Amino acid sequence: MKRTFLLVVLLGVVCLFTLGCSRSSNQTITLAGSTAFQPFAEKLAEHYMQVHKDVRINVQGGGSAVGIQSAISGSAAIGMADLLELPQEAKELHPTTVARDGIAIIVSPQNNIQNLSAEAAHDIFTGKITNWKDLGGMDAVIRVVSREEGSGTRRSFDKMVLKEDKLTASSLFQNSNGTVREAVASDPNAIGYLSIGLVDNRVKAVAFNGVAPTNQNVKANTYPLARPVYFLTKGEIKPNVQAFIDYVLSDEAQKTLEKEGLISVK
Amino acid sequence: MRAKRSKLLREIPRFTRNRLRNPPNSIVRGRLPRAFGARNDTQLMDRLISKLLFFAACSSTAILALIALFIFKEGVPIMAKSGLFHFLLGREWSPLQGQFGIFPFIIGSLWITFGALILGVPLGVSCAVYLAEFAPKKWVNVLKPAIELLAGIPSVVYGFMGVMWLAPIIRTHLGGPGLSILAASCVLAIMTLPTIVGVSIDAIQAVPKSFKEGSLALGATEWQTTWRVLLPAARSGILAGVILGMGRAVGETMAVIMISGNATAIPTSVLDSVRTLTANIAIEMGYAVGAHREALFATGVVLFFFIMILNIVALKVSKRKF
């Protein structure tokens, strides 16, 4: 008796699982890639699914490199990448710019530096200037905090600020925007960089070439440190995927992105 | 006679005893076909269970073999391509430019591990000596579980403590970035304590009582007995505990990522920031594709050898008698 009951319950569970599967395989769009854009994509997907009940959108992270790879291999319908320049292997993909993201250089609030010229920033991050007093600050060693190799933020920053040169060997590494902020907030001599949307009052964002790092300035093209967020698709775009991309580009979705701290493309 | 027989029976566990008194029908009649050459059902059951246990034992070894196979398959090609020497002794790690030198990380792992041992071993062994030899019973009952509890604290909590509390202290009082070898070693020393203390206590308690009694009878003081007799006698066990603790320190990842700063340069002082082998894998895994990913697997291969060597040494040492 007990066994039969257990068997029935087990069967029911199996049925539920298979039901769940059949429903999700109905119309699923998978997005993968950039961890910086992932939370925004999740938010947009949620809004979209509330209106389009038959569509399921699956948002995965993994980083920009994973976004490119999974778009090429087809394991994701849309690959998300926030790189300044797409690598060679992404040439076969079709990029759609869905948003822009500014990068702010941050220091501790105790640091009296307000502005960095492009040259000074280059020299700090390449290790040519190693003391704050060379920039008119206190007499203390500059602690450079960077991101790990492969990060989209890092690649864009290196391209725009370091140009062809190498990051200083004494740099510390943190593996997310949040931990960079933490490291800079707790060390009065540190300098780092992260997405403008994630700057808060525990760190101080310094002006770059005299222009304050704000979303308005990025939009007005006066603040140069910004990178596009791409949706990468391969070959013919399926109608339901196109519908989602259209939604992301719509005024409503772009407004949501702007409210969350990104920069709209319009 | 009968009394003697029942006395004999009492020595046998109850289950077997009952079986002997009232053998089940199947054994008496022996009707069912049997596998594994078993004479009867009981024996069949025994053999079946022993076979099952054999498979269970094999499966864990098989998993180890599979993991090793997979890591090697993914990691060895890149080692061969960039040259084993170049890979192990190369000083530059910039995977996007095709530079895969993990020498700074090997040095980083060694620095942090030995730092942890230098801080942790004296503390752990003296703690073990006190708990095994000198502590009153009620203190042992409090201290021993408390030390064991240390092992249960998730490493991310240790890391968080290190970042929020230890690193700023080191930065303001000793200089440097704070996130450093010293900070990581301090935290790892605490994390290895449970292993070192636990194994050392067992080793000290395993020394025959006669050693201690003999020494005391010859007029040695308690301290002389501990230092000259107990510790040398328990040496191999304590060493095994230290090496196991070392394995834990080498393999620790989360806490180390948070408090070592992860710089890729070779450190010149204990206040410098370093990256360990484990941290290198964990930090870059999210973005790694192609050769970069293979290089991370190759880092795993090196780590695998590190841990294997440590464990084999620990096994050999703990088997050695004095």
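The values are calculated or read from the model by the stated rules, or taken from the named source; none is laboratory data. The structure displayed is predicted, hence computed values, not measured ones. Positions of Cβ are backbone-derived with ideal geometry, glycine not excepted, and every protein chain shown enters the neighbour counts.
Kindly indicate whether any position in segment B:43-64 is closer than 30 Å to B:A263 by Cβ and within 29 Å of the chain's Cα centre (by Cα).
no
Regarding A:A99, is this residue at pLDDT below 95, surrounded by 15 or more Cβ atoms within 10 Å (Cβ to Cβ), among the small types (G, A, S) and within 19 Å of the chain's Cα centre (by Cα)?
yes
Give the residue, chosen from A:A90, A:A104, that is more than 14 Å from chain B (Cβ to nearest Cβ) and of a type in the set (A, V, I, L, M, F, W, C).
When all the criteria are applied, what remains is A:A104.
Considering each residue of segment B:131-169, count those that are more than 30 Å from B:V274 (Cα to Cα) and in contact (Cβ under 8 Å) with a residue 12 or more places away in the chain, and give that number.
Of the residues in that region, 6 qualify.
Quick check on my filter: what residues within segment B:237-279 are charged (D, E, K, R) and either in contact with a helix residue (DSSP H, G or I) (Cβ under 6 Å, 6 or more places away or on another chain) or buried (at least 24 other Cβ atoms within 10 Å of the Cβ) (or both)?
B:R248, B:E252, B:R275
So for segment A:231-238 (the condition being surrounded by fewer than 17 Cβ atoms within 10 Å (Cβ to Cβ), more than 25 Å from A:E89 (Cβ to Cβ) and in contact (Cβ under 8 Å) with a residue 60 or more places away in the chain), does at least one residue qualify?
Taking every residue of segment A:231-238 in turn, none turns out to be surrounded by fewer than 17 Cβ atoms within 10 Å (Cβ to Cβ), more than 25 Å from A:E89 (Cβ to Cβ) and in contact (Cβ under 8 Å) with a residue 60 or more places away in the chain.
Among the helices (runs of 4 or more DSSP H) contained in segment A:45-159, which hold 3 or more residues that are touching a Lys or Arg at 6+ places or on another chain (Cβ under 9 Å) and without any contact (Cβ under 8 Å) to a residue 24 or more places away in the chain?
In segment A:45-159, no matching helices (runs of 4 or more DSSP H) lie anywhere.
Looking at (1) modelled with pLDDT under 90; (2) within 13 Å of chain B (Cβ to nearest Cβ); (3) crowded, with 21+ Cβ neighbours inside 10 Å, can you tell me which one A:G79 breaks?
Checking A:G79 against (1) modelled with pLDDT under 90; (2) within 13 Å of chain B (Cβ to nearest Cβ); (3) crowded, with 21+ Cβ neighbours inside 10 Å, the one that fails is (1).
A:N111 is checked against (1) under 29 Å from the mean Cα position of the chain (by Cα); (2) at positive phi and fails just one. What number does that condition carry?
Going through the list (1) under 29 Å from the mean Cα position of the chain (by Cα); (2) at positive phi, A:N111 breaks only (2).
Applying the selection to segment A:175-207, what residues are part of a strand (DSSP E or B) and in contact with a strand residue (DSSP E or B) (Cβ under 6 Å, 6 or more places away or on another chain)?
Those that are part of a strand (DSSP E or B) and in contact with a strand residue (DSSP E or B) (Cβ under 6 Å, 6 or more places away or on another chain): A:A190, A:I191, A:G192, A:Y193, A:S195, A:K204, A:A205, A:V206, A:A207.
Please find, within segment A:138-166, the residue that is nearest to the other protein chains (Cβ to nearest Cβ) out of those that are more than 15 Å from A:A104 (Cβ to Cβ) and of a type in the set (G, A, S).
For segment A:138-166, the residue satisfying everything is A:G150.
Given the criteria within 14 Å of another protein chain (Cβ to nearest Cβ) and in a helix (DSSP H, G or I), does A:A169 qualify?
no
Among the residues of segment A:250-262, which ones are surrounded by fewer than 19 Cβ atoms within 10 Å (Cβ to Cβ) and under 14 Å from A:K43 (Cα atoms)?
Residues satisfying the conditions are A:E252, A:K255, A:T256, A:E258, A:K259, A:E260, A:G261.
Just checking, which of B:A282, B:A234 is within 14 Å of chain A (Cβ to nearest Cβ) and crowded, with 17+ Cβ neighbours inside 10 Å?
Of B:A282, B:A234, the one residue that is within 14 Å of chain A (Cβ to nearest Cβ) and crowded, with 17+ Cβ neighbours inside 10 Å is B:A282.
Within segment A:149-179, take every residue that is more than 16 Å from B:A288 (Cα to Cα) and charged (D, E, K, R) and give me the one that is surrounded by the fewest Cβ atoms within 10 Å (Cβ to Cβ).
A:E164
When segment B:199-232 is examined, which residues are found to be outside any helix (DSSP H, G or I) and under 28 Å from the mean Cα position of the chain (by Cα)?
B:A206, B:V207, B:P208, listed by residue number.
Consider only pairs whose beta carbons are under 8 Å apart and that are at least six residues apart or on different chains; among these, list those whose first residue lies in segment B:88-109 and is touching a residue at least 24 places away in the same chain (Cβ under 8 Å) and assigned to a helix (DSSP H, G or I) and whose second residue is among the aromatic types (F, W, Y) and surrounded by 17 or more Cβ atoms within 10 Å (Cβ to Cβ).
Taking only residues 6 or more apart or on different chains, the pairs are B:P104/B:W93; B:F105/B:W93; B:S109/B:F306.
From the list B:G162, B:G175, pick out the single residue that is of a type outside the set (A, V, I, L, M, F, W, C), surrounded by fewer than 24 Cβ atoms within 10 Å (Cβ to Cβ), within 14 Å of chain A (Cβ to nearest Cβ) and within 27 Å of A:V184 (Cβ to Cβ).
Selected residue: B:G175, the only one of B:G162, B:G175 that is of a type outside the set (A, V, I, L, M, F, W, C), surrounded by fewer than 24 Cβ atoms within 10 Å (Cβ to Cβ), within 14 Å of chain A (Cβ to nearest Cβ) and within 27 Å of A:V184 (Cβ to Cβ).
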